[in-house]
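Asker: The structure's right below; bear with me while I get my questions together.
The values are calculated or read from the model by the stated rules, or taken from the named source; none is laboratory data. Quantities reported herein were computed from a predicted structural model and do not represent experimental measurements. When we count neighbours, we look across all protein chains shown, and the Cβ atoms used for this are built from the backbone with ideal geometry, even at glycine. For the accessible areas, the whole protein counts, side chains as well, though only heavy atoms, and no ligand, DNA or RNA atoms are used. Shrake-Rupley method; radii C 1.70, N 1.55, O 1.52, S 1.80 Å.
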Amino acid sequence: METLHPFILFDDAIAHRATLLHGYAGQQSIGAAQLHTLDQVLRQGWARRHYAAVLIPYEFGEALINGGPSGAGALLQIHWFEQRQTLTGDAIDQWLEDRADRQDPDAQPAGICGLRLTLGATDYATQFLRLQAAIARGDIYQINFTTSQAFETYGSPLRLYRLLRARQPVPYGCLAALPGTTGLDWTLCLSPELFLRIEPEGVIRTEPMKGTLPFQEGDDLAAQSDALRSDAKNRAENLMIVDLLRNDLSRIALPGGVHVEALFRVTRYGQVLQMTTPIRCHARPGTTVADMLGALFPCGSITGAPKKMSMRYIADSEDRPRGIYTGSLGYLEPQETGLGFSGCLNVAIRTLTLRPKRQDALACDGSMGVGGGIVYDSTTSAEYDELHWKSRFLRTLPMSFNLFETMRIENGDCDLLAEHMARLRHAAAALGFQYDSSRVAGQIRQAIATLDPTTTWRMKALLSPDGQCRIEHAALPAAAAPGATVCVASRVLPVSDPLRRFKTTWRAHYDSDLAAAMVSGHFDTLYFNREGHLLEGARTSVFIRHQGVWLTPDLSLDILRSVMRAQVLAQPQRHLNANRIELAPITRRMLQQADRIVLCNALRGCIEATLAIA
């Protein structure tokens, strides 16, 4: 695995053009109270021939407008880079693929698991009704209320971004890997919304986005676009925010210089249709970046109207800081003409933030903000549903593996069928597979009914992401002779890997290690992680008796939820003649000192083994 260095990729997947900044030169942060120093800081960095990437969290705007919290989470960040590169066409995807291969030579699939909305329906309804009452009183007339989706990721963030980019190409995307507390923190932004485009001669463009409709392959694009464009609620929201942005722009524009170019433009972005209204103005001579942010940030499309009051309600109502979500990502560069600078800043929606679980780990904890505009005639159910389908693109990522269960069929029955079905249901829900439990269980029972009950069978049920199930079976060979041995794999596994918790067909590394162990006469091979803790075998779970105490690794080590392991833990007396089993870290030395080792899986039950001496 190659160590990656910080970079940021500003990615227009519609025009197939991207700007890559690399050669990290450091970071500067500015609080709202110091906004007036921003242009001087930029000029000093440009004088060193560095390139500026700007990250502005929503809370910077809260501090700017309402004097909200001004801590580290509310700082505008300028990340400086020494090199700039333009990528076009297939070169963008090739660059992403090359970096992903360097980060993860094993090419583990990338994806999301455990996606969950952080705000439950009841709590959402409570806040929704409170905000709607404020609209009824006239305190505000539109507000953007948000929460977040929490999840974990597996595989390379670069591969995950490639999947998302292919699924939802947008003009204002961004992939950033910047220094964090546990290595590189990642921002994967799939934003279709422009905050500010500052042109060299001083023309400023913005394109607020209000109005969203789900869209799927097979839908009538023209009819759906007309439906969104003519929807009274969405038109009202769009007009309110257009008026707000026109007012904000007028603070820096030449007199009479603000122009609405086209009302209610509808564009498809992946699985949604979005309605936008482009607006432009010509800035007054001498307008600075600080002037623009002071007049316009945060973008009114993600606050509500009037902006100041809606932001107060947001601060009192939302369950989490927004961070970069609904803030802005972009770049600024010097110019010899016009205002002396140009650049492009997006509205950071559809934005995933990932933090590695461990130093240099691929596995990350992630979140993505999601929300919608509330007006007087909004309904709780419709707005809460909107949170789910706005993040549907995270649930429908293509996956290159299947889930499977391997079952023992004996005397015409599977004693642990309910446990296998429960594990499959858990994995499908976590990984976003479609799954009809009763249909799959019915297929398995039908397959069992066709088998000779006098023979013991090995049956495998393979579930594809679309919910289709395939059944395979074969006669189970006789049990291994007493005196089975187990070896330790030379391959050391990462400390964190959410995909390890599930039984998937991405297991070529396990199969090759197991095949090598079996050539040497061993029943299985055991894995340790990089912190030196025992995990499991290529095909079994592990129990050891060390200094008179039975031990087994804890599920927190990202090991499989073994069906047979659960049986042993539930009935230790029956399976191990033990009163209790402790979940505890097991080191190599403890494994070597164990006076008993027992392996188990659902096919073979419990197998006494001895450790082969390396």
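Asker: Which one, Gly180, Thr326, Gly521, is farthest towards the positive end of the dipole of the chain when Lys and Arg carry +1 and Asp and Glu -1 on their Cβ?
Answerer: Gly521
Asker: Please quote Rg/Rh for segment 266-327 to two decimal places, taking the Kirkwood radius as Rh and restricting both calculations to Cα atoms.
Answerer: 1.04
Asker: How long are the three semi-axes of the equivalent ellipsoid of segment 343-462, in whole Å, if each is the root of 5 times an eigenvalue of the C-alpha gyration tensor, listed from largest down?
Answerer: Working from the Cα gyration tensor, I get semi-axes of 43, 20, 11 Å.
Asker: Moving on to the next point. Over segment 138-216, what is the relative contact order in percent, taking alpha-carbon pairs closer than 8 angstrom and at least six residues apart?
Answerer: The value is 18 percent.
Asker: While we're looking at this one, here's another question. Counting only Cα, what are the radius of gyration and maximum Cα-Cα distance Dmax of segment 299-379, in Å?
Answerer: 17.2, 51
Asker: Only Lys, Arg, Asp and Glu count, each charged at its Cβ (+1, +1, -1, -1), so figure out the dipole size of segment 234-390 about its Cα centre, rounded to 20 debye.
Answerer: 120 debye
Asker: Please list log₁₀ I(q)/I(0) at q = 0.10, 0.13, 0.18 Å⁻¹ for segment 47-177, using the Debye equation with identical point scatterers on the alpha-carbon positions.
Answerer: Taken in order of the listed q values, log10 I(q)/I(0) reads -0.58, -0.91, -1.23.
Asker: Quick one: dipole size for segment 403-555, taken about the Cα centre, charges +1 on Lys/Arg Cβ and -1 on Asp/Glu Cβ, in debye to the nearest 20.
Answerer: 180 debye
Asker: Right, here's the next one. Compute, for the chain, the length of the dipole vector about the Cα centre, with Cβ point charges of +1 (Lys, Arg) and -1 (Asp, Glu) only. Units Debye, rounded to 20.
Answerer: Using only the charged Cβ atoms, the result is roughly 660 debye.
Asker: Return the long-range amide H neighbours of Trp550 (sequence gap of 5 or more, or a different chain), with a cut-off of under 5 Å between placed amide H atoms.
Answerer: Glu582
Asker: Which of the following values of Cα extents along the principal axes in Å was calculated from the structure shown: (1) 91, 52, 44; (2) 106, 72, 53; (3) 68, 54, 46?
Answerer: Label of the calculated value: (1).
Asker: Please report the projected area of segment 189-236's Cα convex hull averaged over all directions, in nm².
Answerer: Convex hull of Cα atoms, orientation-averaged projection: 5.2 nm².
Asker: I would also like to ask the following. At R0 = 30 Å, how high is the FRET efficiency between Ala232 and Arg392 if r is their beta carbon distance? Nearest 0.05 is fine.
Answerer: Result of the calculation: an efficiency of 0.75.
Asker: Would you list which lysines come within 24 Å of Lys390, measuring only between C-alpha atoms, while excluding same-chain residues fewer than 8 positions from it?
Answerer: Lys210, Lys233, Lys307
Asker: Can I get the semi-axes of segment 476-551's equivalent ellipsoid? Compute them from the C-alpha gyration tensor as square roots of 5 times the eigenvalues, in angstrom, largest first.
Answerer: Taking √(5λ) for each Cα gyration eigenvalue gives 20, 18, 12 Å.
Asker: On the Cα set of segment 6-72, report Rg and Dmax in Å, please.
Answerer: In order Rg, Dmax, the Cα atoms of segment 6-72 give 14.6, 40 Å.
Asker: Right, another one. Just going by the charge dipole of segment 74-233, with Lys and Arg at +1 and Asp and Glu at -1 on Cβ, which of Phe128, Ala232, Gln168 is farthest out on the positive end?
Answerer: So the residue we want is Phe128.
Asker: What would the Debye formula give as log10 I(q)/I(0) at q = 0.13, 0.22 Å⁻¹ for the alpha-carbon point model of segment 196-345, no solvent?
Answerer: Listed by q, the Debye log ratios stand at -0.67, -1.35.
Asker: Bin by bin, in steps of 5 Å, what percent of the Cα pairs in segment 409-542 do you find, going until the bin that has the longest distance?
Answerer: Calculated over all Cα pairs of segment 409-542, the distribution is 2, 9, 15, 17, 17, 18, 14, 7, 2, 0 percent.
Asker: Residue farthest toward the positive end of the dipole of the chain, with Cβ of Lys/Arg at +1 and Asp/Glu at -1: which of Gln335, Ala52, Gln434?
Answerer: The one lying farthest along the dipole's positive direction is Gln434.
Asker: How do the peptides 448-461, 367-380, 53-66, 405-418 rank, highest first, by the average count of neighbouring beta carbon atoms within 10 Å per residue?
Answerer: Answer by packing, highest mean first, reads 53-66, 367-380, 405-418, 448-461.
Asker: Could you give me the percent of Cα pairs per 10 Å distance bin for segment 464-614, shortest bin first, beginning at zero and ending with the bin that holds the maximum distance?
Answerer: Spelled out bin by bin, segment 464-614 gives 10, 41, 37, 11, 1 percent.
Asker: Quick one: the Cα spread of segment 223-265 along its three principal axes, in angstroms, biggest first?
Answerer: Its Cα atoms span 39, 16, 10 Å along the three principal axes.
Asker: Moving on to the next point. Rolling a 1.4 angstrom probe over the protein heavy atoms, how many square angstrom per residue are accessible across the chain?
Answerer: Accessible area per residue, the chain: 42 Å².
Asker: Points 7 angstrom from Cα along the Cβ direction at Ala25 and Asp139: gap in nanometres?
Answerer: It works out to 4.7 nm between the two label points.
Asker: Report the normalised scattering of segment 545-591 as log10 I(q)/I(0) at q = 0.19, 0.20 Å⁻¹, calculated by the Debye formula with identical scatterers on the alpha carbons.
Answerer: Debye intensities relative to I(0), on a log10 scale: -0.63, -0.69.
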